[in-house]
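> The following block contains the structure, expressed as structure tokens.
Bear in mind these aren't lab numbers, they're just calculated from the coordinates by the rules spelled out. None of the values given here were measured: they were computed from a predicted structure. Virtual Cβ from ideal backbone geometry, glycine too; neighbours counted across all protein chains shown.
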Amino acid sequence: MANPYAGEAVLVVNGQPQVLKLTLGALAELETGLAEDTLLGLIERFESGDFASRDVLALIVAGLRGGGWQGQARDLMQADIEGGALEAARIAAQLLVLAFGTTKAVAHGDV
């Protein structure tokens with residue numbers, strides 16, 4: 001069970017619930033992977049709905065790694081994600097809200 005007050009979300013990968021969390025280390029790894037892009041640019045893409053599948057994958061991998069997963073992005077290429085790409089995008093957006101949103105958003109169930 002994920003604790004949204006701790007910034008956690010859950011995604012079912014290959015039938016196994018995985019806890020995701022954007023820790024400081026996971027955010028640093030994510031930012032490094034974005035190359036010349038910034039976290040602010042990533043957030044703006046999600047807010048506008050103009051995000052790419054690579055954005056979703058990068059956030060999911062960062063969240064999984066922040067939750068203790070030891071895999072790499074390539075490990076998810078053949079993975080079965082419950083709910084498919086739409087659920088992965090929803091969880092990716094939720095992670096951003098949990099990491100950068102307000103506790104008011106969490107308390108009101110806006111994540």
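> Which order do the peptides 90-101, 13-24 come out in when sorted by mean C-beta neighbours inside 10 angstrom, highest first? Intermediate values should be presented prior to the final figure.
Numbers: 90-101: 20.3, 13-24: 16.4.
Per-residue mean Cβ counts within 10 Å order the peptides as 90-101, 13-24.
> Taking the dipole about the Cα centre of the chain, with the C-beta of Lys and Arg at +1 and of Asp and Glu at -1, give me whichever of GLY84, ASN3, LEU24 is farthest to the positive side.
ASN3
> Sort the following peptides by mean Cβ neighbour count (other Cβ atoms within 10 Å, averaged over residues), highest first: 63-76, 37-50.
Numbers: 63-76: 16.6, 37-50: 12.5.
Highest-to-lowest ranking by the protection proxy: 63-76, 37-50.
> Collect residues whose amide H, placed 1.01 Å from N in the peptide plane, falls under 5 Å from the amide H of LEU20; neighbours closer than 5 in sequence don't count.
ALA9, VAL10, LEU11
> Something else about it: Report the label-to-label distance for GLU82 and LEU39 in nanometres (one decimal), using points 7 Å from each Cα along the Cα→Cβ vector.
2.9 nm
> Could you size up the charge dipole of the range 4-103 around its Cα centre, putting +1 on the beta carbon of Lys and Arg and -1 on that of Asp and Glu, and report it in debye to the nearest 20? Please report the intermediate quantities before stating the final value.
Working: 6 positive and 13 negative charges, 44 e Å.
Here the range 4-103 has a charge dipole of around 220 debye.
> Mind checking the full-extension length gain between ALA52 and ASN14? Use 0.36 nm per residue of separation minus the Cα-Cα distance, one decimal, nm. Present the calculation step by step, with values, prior to reporting the outcome.
Details: separation 38, 0.36 × 38 = 13.68 nm, distance 2.26 nm.
Length gained between ALA52 and ASN14: 11.4 nm.
> Choose one of THR38, GLY49, ALA73: the residue whose Cα lies farthest towards the positive end of the charge dipole of the range 1-75 (beta-carbon charges +1 Lys, Arg; -1 Asp, Glu; about the Cα centre).
Checked the options; the winner is ALA73.
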